[in-house]
1. Quick one: what are the phi-derived ³J(HN,Hα) couplings along region 275-286, Karplus 6.51/-1.76/1.60 with θ = phi - 60°, whole Hz, x for glycine and proline?
2. Once amide H atoms are built 1.01 Å from N in the peptide plane, which residues 5 or more positions from residue 67, or in another chain, come under 5 Å H to H?
3. Name the residue, out of 269, 225, 214, whose mean-square fluctuation peaks in a Gaussian network model built on the chain with Cα pairs under 10 Å.
4. Report ³J(HN,Hα) in whole Hz for each residue of region 116-127, in order, from the Karplus equation J = 6.51 cos²θ - 1.76 cosθ + 1.60 where θ = phi - 60°; Gly and Pro get x.
5. Cut-off 10 angstrom, C-alpha nodes, Gaussian network model of the chain. Which of 123, 151, 286 fluctuates the most?
6. For the chain, modelled as a Gaussian network with Cα springs under 10 Å, which listed residue fluctuates most, 68, 275, 293?
7. Pull out a ≥ b ≥ c, the square roots of the eigenvalues of the alpha-carbon gyration tensor of region 154-193, then state rounded if a/c is under 1.5, prolate if not and a/b is larger than b/c, and oblate in the remaining case.
8. For n ≥ 4 DSSP H runs only, could you compute -39500 (n - 2.57) per run for the chain, divide by its residues and tell me the 222 nm figure to the nearest 500?
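FYI, it's all coordinate maths here, none of it is from the lab. All values reported here derive from a predicted model rather than from experimental measurement. In this analysis, Cβ positions are derived from the backbone assuming ideal geometry, glycine residues included, and neighbour counts consider all displayed protein chains.
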Amino acid sequence: MIDAAMTTGSAGSMKDTIFNYLPPAMIAAVLCFWAYGPTALLNHEATLAVMSALITISVLLLEQVHERHAGWRMNRQEFVTDLFYSILSATVIAWVSRKIGDDPLVAAKASLGITTQWAMRMPWLAQVALVVFLIEFGQYWMHRLMHNVTPFWLTHAPHHHLTQLNAAKGAVGNPIELVLISLSIVALFDLQTTAIFAAINVLGVISTFAHANVRSDPPIFYSYVFTTIRHHSLHHSTDYQSTRCNYGNSLIFLDRIFGTYREGEAELVGQDERRRLSIWEQTIFPFEPLIARYRARKGSAETGGDSSAPAKAAVERPVPESVESPVTA
Ligand SMILES: [Zn+2]
Ligand SMILES: [Zn+2]
């Protein structure tokens, strides 16, 4: 009896240990693929998108094997929503961010005659690290901006309205936010394409695990530098103060440097009494104050100046706390 219990216990802890090491192991696998993979695959234009999808799918499968919270379990409604945003991110969002971000930077770089051949001569792994840092440094400050300035908050708030976390949730949010958060200055540097793609997939592994419903708590050598589900679930917490920390999408080290790091974890996630938004509500969310004002004005014109009823309705509409009073971090 005791032996059986001990066996179960050690099997459980063995499973925990294996899962705790999965995020660093997956990063190593991604790096090995882009460093030593078959040239035909590395040069194929679809490989990056396929790798990104495989990362999300494999972590979604891990959720089935070692779940973190039953309340975050995938259901049909969440799956359809997540699938929509995954496809949107890989197509429309990627295209728009290339058109308004990367292409103008490449053109400006060419017309100004800027060259950064020194970057190309760096060791391959250092190039990967540079891309990871450039993307994350931009995202960290963009994320803080979104939590502190109302128009930007209105684009980011839908992501905080998520009522559960899973491996695909990193891609769920208002389309304007998804474009803003994907902008970077990487296009200004001359770097090996495989190093850029490896960095994108490494960030994909970290941020996917940081949203995932997987019982995996990586060792300190990982969690000191990279964001984990513990850090990011706290950022998604229902209480306002807890959302004002741990802004690093993948590099929690930036929060440690800039004083926004906080230890902790949350199971209950959401915004405004955990109101779940539909895809349409997420899309129009930034424009809701304008729509409410327009309706109030229209109601006022129709009632000949008595605007009390529609105005009251507009005021009673739930507004995120930080929209009412943006606070500097
Ligand atoms: Zn946030
Ligand atoms: Zn998130």
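1. Result, rounded to whole Hz: 7, 7, 9, 7, 4, 5, 4, 5, 5, 8, 3, x.
2. 215
3. With Cα springs under 10 Å in the chain, the top fluctuation among 269, 225, 214 is at 225.
4. Couplings: 10, 4, 4, 5, 5, 7, 5, x, 3, 5, 5, 5 Hz.
5. Result for the chain, Cα springs under 10 Å: 123 fluctuates most.
6. Result for the chain, Cα springs under 10 Å: 293 fluctuates most.
7. On the way: a/c = 4.88, a/b = 2.04, b/c = 2.39.
Note, shape of region 154-193 comes out oblate.
8. When only DSSP H runs of four or more count, the value is -19000 deg cm²/dmol.
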